[in-house]
1. For the subset of segment 58-67 comprising residues that are open to solvent by 20 Å² or more (accessible area, probe 1.4 Å) and modelled with pLDDT of 90 or more, which member is farthest from Ser131 (Cα to Cα)?
2. Applying the selection to segment 122-137, what residues are surrounded by 19 or more Cβ atoms within 10 Å (Cβ to Cβ) and part of a strand (DSSP E or B)?
3. Filter segment 10-31 down to the residues that are assigned to a strand (DSSP E or B) and open to solvent by less than 70 Å² (accessible area, probe 1.4 Å) and list them by number.
4. Does any residue in segment 55-75 that is of a type in the set (Val, Ile, Thr) come within less than 7 Å, Cβ to Cβ, of a residue that is surrounded by fewer than 15 Cβ atoms within 10 Å (Cβ to Cβ) and not in a strand (DSSP E or B) six or more places away or on a different chain, and which pairs are these?
5. Among the numbered conditions (1) in contact with a Pro (Cβ under 9 Å, 6 or more places away or on another chain); (2) open to solvent by 30 Å² or more (accessible area, probe 1.4 Å); (3) not aromatic (Phe, Trp, Tyr), tell me where Arg7 comes up short.
6. Test Glu55 against the criterion of being open to solvent by 70 Å² or more (accessible area, probe 1.4 Å), under 30 Å from Pro140 (Cα atoms) and acidic (Asp, Glu), and give yes or no.
7. Looking at (1) in a helix (DSSP H, G or I); (2) modelled with pLDDT under 85; (3) open to solvent by less than 60 Å² (accessible area, probe 1.4 Å), can you tell me which one Ser111 breaks?
Amino acid sequence: QAAVVTRFGNVVGTEGQGIHLKLPIDRYNMIDVTQQQVTAEYSTATKDNQSLVQEITAQVVVKPDMAEEIYTKFLGNHMDGIVTPVLADGFKNATAAYSIEEVISARDKLSADMLAAVQPKLDAYGIQVVSVEIKNVALPEEYKAAVERQKVAERDQVTAEVERQTAEIDAEKNKIMAESLSEENFQKLFYEKWDGKLPQYVGGEGEGLDMLLPQPQETQQ
């Protein structure tokens, strides 16, 4: 910490860390010069007019040599007096340049743009923004519903395409099978496989036989 020394309400100097002799009439006003974390939820809007709530963490630190000036301007209330409003304004302006899809897909780039938006303004007061990180993004319910409808539509489209391709394959298989079972193919297959010998069995004619009987062989001389 750095101590801004005031005497009868007037700033008379700044003391750093260590042991110091303090006059009874002096008042030490402590300024934290360590890195501090600021986490808050910010209501922002995208360039396509989608309202978002973003949880954002910023790491800020007061430059020790600027402690006296910061105390003079804000009387020790610099976090609420300048840091919080600058962060809120910078985060909103940076988000306004992105669509809702880009906020989701390019979070790291948006965080870098937020840092660039707030750093120059706070640096003028002796406050350095070390980092900015988007922790969470709460999407609007209507957008989440629209995304879900799109997913269902895409899934139905894929299913319909698979069914169409399956039907085409089945139709082609049936066509090939039908062609292979035609009478012409049966005859062709018969001629290709026939060894020239007549059948050895014939059915009875007019005798009501339900079975095939062997055909008598001619007696060779």
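1. Val61
2. Within segment 122-137, Ile127, Val129, Val132 meet the criteria.
3. Val11, Gly13, Thr14, Glu15, Asp26, Tyr28, Asn29, Ile31 - these are the residues of segment 10-31 that are assigned to a strand (DSSP E or B) and open to solvent by less than 70 Å² (accessible area, probe 1.4 Å).
4. Listed pairs, sorted by first residue: Val61/Thr34; Val61/Gln35; Val62/Asp32.
5. That leaves (1) as the condition not met.
6. The answer is no for Glu55.
7. It fails just one condition, (2).
Residues checked against (1) open to solvent by 60 Å² or more (accessible area, probe 1.4 Å); (2) modelled with pLDDT of 90 or more; (3) basic (Lys, Arg):
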residue	(1), (2), (3)
Ala40	no, yes, no
Ala45	no, yes, no
Glu69	yes, no, no
Leu75	yes, no, no
Ala97	yes, yes, no
Glu101	yes, no, no
Ile104	yes, no, no
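The values are calculated or read from the model by the stated rules, or taken from the named source; none is laboratory data. Because the structure is a prediction, the values reported are computed rather than measured. For neighbour counting, all protein chains shown are included, and Cβ atoms are generated from backbone atoms with ideal geometry for every residue, glycine included. Heads up: the accessible areas ignore ligands, DNA and RNA and are worked out on the full protein's heavy atoms, side chains in. Shrake-Rupley method; radii C 1.70, N 1.55, O 1.52, S 1.80 Å.
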